Amino acid sequence: MMKTLISITLAIILLTFAYFKLPHFNFRLLDKKTYTSDTSQWVSLKGKDEFIISELTTAETFEKHDIYKVPNTDIVTGRKDSSISLIASYKYHIKLSELKYTLEDDALVFHVPHLYLSTPTFDTATLKRICIPTGIATCGDTLDNFMKEISAKLDEKGHKLLNSFYETSAKSLADDFDAFIKNNNKDILYKNIVVIFDNEPNSSKRMFNYNKSYCGNEPCAIELPLNNGSVLTIH
């Protein structure tokens, strides 16, 4: 106890001496705090004509194998095996500005000039990168360079998958417009919706039925076509 009091007394004396005799010293009691801030600055804001009508999520794994040999021989001096795995998202869209429709008999017919692939994306939380070197091989920036190739590989695969999405996209488009018309009480008389993709190889008409009659899901009591192209219906 006595030693503690002596130590405290000496400390007070030293601090007092330093304060009055050594003015170039500045004593402060600091309360340490951590501050974080986020800064956001808009670079550009653009409108987009992209109506997403189908999406595919896949688990992707890309591999690369580099083998090092003595020049002009088959003697292997090293090997480098790299792999990158991730969850990718492929989205396909149309442009509403290009969309055209006509009424043909009891069908609402949509002509879609193009089905587009949006830029493929991937979930960074699922990203796994592995590089295993043997012999004289080293990884270095191998994985970083490999990552730069991934976007092109995803885009290439997305375009290869395009032909598999016309059926799903047609149904999605028909469902969306049927819901839009009914939610807005539009007086458009149709029983079926037909979707035609003009850029599809071997383009075909896909028909989807939404109404049993011009009265909706129930048959009309009377459904009489008139000469001017309209239809007289009685529920």
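So which of 134, 126, 121, 142 is crowded, with 17+ Cβ neighbours inside 10 Å, in contact (Cβ under 8 Å) with a residue 12 or more places away in the chain and over 15 Å from residue 51 (Cα atoms)?
Unique residue meeting the criteria: 142.
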Q: State yes or no: is residue 162 buried (at least 16 other Cβ atoms within 10 Å of the Cβ) and either free of Cβ contacts under 8 Å to residues at least 40 places away in the same chain or under 18 Å from the mean Cα position of the chain (by Cα) (or both)?
A: yes
Q | Set 66, 49, 74: member being within 30 Å of residue 193 (Cβ to Cβ) and either modelled with pLDDT of 80 or more or surrounded by 10 or more Cβ atoms within 10 Å (Cβ to Cβ) (or both) | A | 49
Q) Quick one: is residue 169 under 18 Å from residue 114 (Cα atoms), surrounded by fewer than 17 Cβ atoms within 10 Å (Cβ to Cβ) and either modelled with pLDDT of 90 or more or of a type in the set (Ser, Thr, Tyr) (or both)? A) no
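The values are calculated or read from the model by the stated rules, or taken from the named source; none is laboratory data. Given the structure is predicted, the values throughout are model-derived calculations rather than measurements. Every residue, glycine among them, receives a Cβ derived from its backbone with ideal geometry; neighbour counts consider all protein chains shown.
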